[in-house]
Amino acid sequence: MHTKFLLLGAISAFIGVAAGAFGAHGLEPRLSAELLAVYHTGVRYELFHAVALLFVGLAADRWPTARWGRAGWMFVAGTVLFSGSLYLLALTGVRWLGAVTPLGGVCFLLGWIFAAIASLRSV
């Protein structure tokens, strides 16, 4: 279980760094300041949760429990829904995608709750 979260965390960190560079160098002249800020919010949350996925992978190895897996999958779902919807909103200007973003935020929150519960059960 833990190796898949280490892999997903590393992939997500790669995508976050690449997306950040693309936003700074490729999108800055093309997007409004508002849409660029939306895009960079997606990048920031992807990078935060890439680190969280790496932590989940390490924690699941150290303290094996299914609760770490729940946290990891919530971080993955949150990244796809939250960051993904913000990337698409910024790139396409399709405003209804903003309605998807809070679902990703809820997934992030659930991931942190599951991580907290797993931490309590691991000590």
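What is the calculated FRET efficiency for Val51 to Arg95, with r their C-beta to C-beta distance and R₀ = 22 Å, to the nearest 0.05?
Working: r = 30 Å, r/R0 = 1.37.
Efficiency computed from Cβ-Cβ geometry: 0.15.
What is the distance in Å between the Cα centroid of the range 1-46 and that of the range 87-123?
Between the Cα centres of the range 1-46 and the range 87-123 lies a distance of 15 Å.
Run the numbers on the chain and let me know its relative contact order in percent, using alpha-carbon pairs under 8 Å that are six or more apart.
Working: 166 pairs, mean separation 35.9, N = 123.
Across the chain, relative contact order equals 29 percent.
Could you identify which residue out of Ser12, Ser85, Ser32 has the top mean-square fluctuation in a GNM of the chain using Cα springs shorter than 10 Å?
Top of the fluctuation ranking is Ser32.
Under a Cβ-only charge scheme (Lys and Arg +1, Asp and Glu -1), can you give me the dipole magnitude of the chain about the Cα centre, in debye to the nearest 20?
340 debye
Report the residue, chosen from Ala13, Ala24, Ala60, that carries the largest GNM mean-square fluctuation when the chain is represented by alpha-carbon nodes joined by springs under 10 Å.
Per the Cα network of the chain with a 10 Å cutoff, Ala24 tops the list.
Gaussian network model of the chain, Cα springs within a sub-10 Å range: biggest mean-square fluctuation belongs to which of Pro29, Pro102, Pro64?
Comparing Pro29, Pro102, Pro64 in the GNM, the peak value goes to Pro29.
Could you give me the radius of gyration and the Dmax of the range 2-122, taking only the C-alpha atoms into account and expressing both in angstrom?
Considering the range 2-122 through its Cα atoms, Rg and Dmax are 15.1, 49 Å.
How far is it, in nm, from the label point at Leu27 to the one at Arg121 when both lie 7 Å from their Cα along the line to the Cβ?
So the two model labels end up 3.7 nm from each other.
We did not get these values from a lab; they are worked out from the coordinates using the rules stated. Quick caveat: nothing in here was measured; it's all calculated off a predicted structure. Reconstructed Cβ throughout: ideal geometry from the backbone, glycine too, with neighbour counts over all protein chains shown.
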